[in-house]
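Data block below; observations after.
Readers should treat all values here as calculations from the given coordinates under stated rules, not as data from a laboratory. Being a predicted model, the structure only gives us computed values, none of them experimental. FYI the Cβ positions are ideal-geometry reconstructions off the backbone, even for glycines, and counts take in every protein chain you see.
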Amino acid sequence: MKKLNILLLLILFFAAIPVNSQVTEPKEEVIEEESPEEELWARNTLQEPRIFKRDTTNHEIHVNILNVLIFGALDVAYERVLTDHSSVGVQLFSKVFNKNEGEDGDLSKVYAKDFSITGNFKYFLDDETVARGYYATLFGMFSNGTHENDINLTDPETGEIGPREVDMEYTDLAFGVGVGGKFVAKQGFLIDVSFGIGRNLFDKYSPDIVLLPSVYLGYRF
């Protein structure tokens, strides 16, 4: 009987202990909403590409280091960007730095011209850039200088008439075409490498063919 009473007491004791029957529910994740200003900034940052100086400016100045360093000639240029695909420019050439004139090592003899002004139009082929990349060009050049010609002269000793090589002065106008490539850094510094070929039209003493090699360093602003 005593054992039965103890068993009943144990049953009543455990029955009196409260049982936690609640099931822990998962907490919902709270997502903070962005303010209108933050949403607009994020949208503009993702959608709009960065715009660099080379894509918003239209003026350029150049120096042809090939002519300055090798041939001792001043060769500077100005160019204006018209559209994403086109530009116009003007170049000024002069042999002001030719200290070896008349000597055997006179590299400036590569050029018959002593002075020239050249205008050009460039058409750029790349559809995704602003007036840079590969291009084709048309140019017109006014020049003067001296060119070696075969002239029929009378020999003072024999009286015979025959050809002699004589440096003759000329002034002429040439037109031609060319190709090149312009590569512009994000902040505007550029290198423009090109080669043009043309023909003088009027003066019989001028060179028939005009060659225009160039390696320009410049800046777009």
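Pairs LYS122/LYS186; LYS53/LYS95; LYS53/LYS182: which exceed 27 Å Cα-Cα? Let's see the in-between values first.
Values: LYS122/LYS186 21 Å; LYS53/LYS95 34 Å; LYS53/LYS182 15 Å.
From LYS122/LYS186; LYS53/LYS95; LYS53/LYS182, over 27 Å: LYS53/LYS95.
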Quick one: length gained pulling PHE97 to HIS59 fully straight, 0.36 nm per residue minus the C-alpha distance?
11.0 nm
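Pulled fully out, how much extra length does the chain show between ASP150 and ASP126, if you take 0.36 nm times their separation in residues and subtract their Cα-Cα distance?
Details: separation 24, 0.36 × 24 = 8.64 nm, distance 4.65 nm.
Here the segment from ASP150 to ASP126 would lengthen by 4.0 nm.
Please give me, ordered by residue number, the GluC sites (Glu not before Pro) of segment 150-208 that lie in loop per DSSP and have at most 11 other Cβ atoms within 10 Å. Walk me through the numbers before you get to the answer.
Values: sites: GLU157, GLU160, GLU165, GLU169; in loops: GLU157, GLU160.
Taking segment 150-208 and a limit of 11 other Cβ atoms within 10 Å, the loop GluC sites (Glu not before Pro) found are GLU157, GLU160.
Exposure proxy check: ASP75, ASP126 ranked by fewest other beta carbons within 10 Å?
Numbers: ASP75 23, ASP126 14.
Ascending Cβ contact count within 10 Å gives the list ASP126, ASP75.
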Within segment 137-176, which residues have the backbone N less than 14 Å from the label spot 7 Å out from ASP203 along Cα→beta-carbon, could you tell me?
141-149, 167-175
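Taking segment 139-221, which trypsin sites (Lys or Arg not before Pro) meet the DSSP loop condition and have no more than 15 other C-beta atoms within 10 Å? Mind showing how you got there, number by number?
Values: sites: ARG164, LYS182, LYS186, ARG199, LYS204, ARG220; in loops: LYS186, LYS204.
Listed in order of number, the matching sites are LYS186, LYS204.
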What base-10 log of the normalised intensity I(q)/I(0) is obtained for segment 111-179 from the Debye formula, alpha carbons as equal point scatterers, at q = 0.22 Å⁻¹?
-0.92
